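The values are calculated or read from the model by the stated rules, or taken from the named source; none is laboratory data. Keep in mind it's a predicted model, so treat the numbers as computed, not measured. As a convention, Cβ positions derive from the backbone with ideal geometry for all residues, glycine included, and neighbour counts pool all protein chains shown.
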Amino acid sequence: MQAKRRTRLLRTLNSLFGRRRSLPPELQAGRDVVKAIDAGGVPLNPARINQIARNLGLEVAASAPVEQTVERLRAAVERGLQGVAAHAAANDNKPRGGRK
């Protein structure tokens, strides 16, 4: 009985304080740029915005307006975050190995 209680406690603590899943670097960079723009920042380097968008798989013309690229980047980041969340949810539902 004591072992079951300890196991349950450790599992609960691990779920609360365990290692957090990190985002892929491309998605994290896009998220950081979108967050900075939403906080009132102005993208000073359009080439950097274009490179981040390309790293996320978007085709961006060098002559494309920055505002248009930012909107496409915002949509790509949102799709990426939804994909990461879906992947995490699928992994959370997998049975864990161990004795029963």
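In this structure, does Asn14 turn out to be over 18 Å from the mean Cα position of the chain (by Cα), part of a helix (DSSP H, G or I) and within 19 Å of Val77 (Cα to Cα)? Full working, then the answer.
Working: over 18 Å from the mean Cα position of the chain (by Cα): yes; part of a helix (DSSP H, G or I): yes; within 19 Å of Val77 (Cα to Cα): no.
No: the conditions fail for Asn14.
Give the residue that is surrounded by the most Cβ atoms within 10 Å (Cβ to Cβ), with candidates limited to residues of region 18-67 that are at pLDDT 90 or above, assigned to a loop (DSSP other than H, G, I, E, B) and within 21 Å of the chain's Cα centre (by Cα).
Only one residue fits best here, namely Leu56.
With respect to Glu78, determine if the residue is of a type in the set (D, E, K, R) and in a loop (DSSP other than H, G, I, E, B).
On the way: of a type in the set (D, E, K, R): yes; in a loop (DSSP other than H, G, I, E, B): no.
So Glu78 fails the test.
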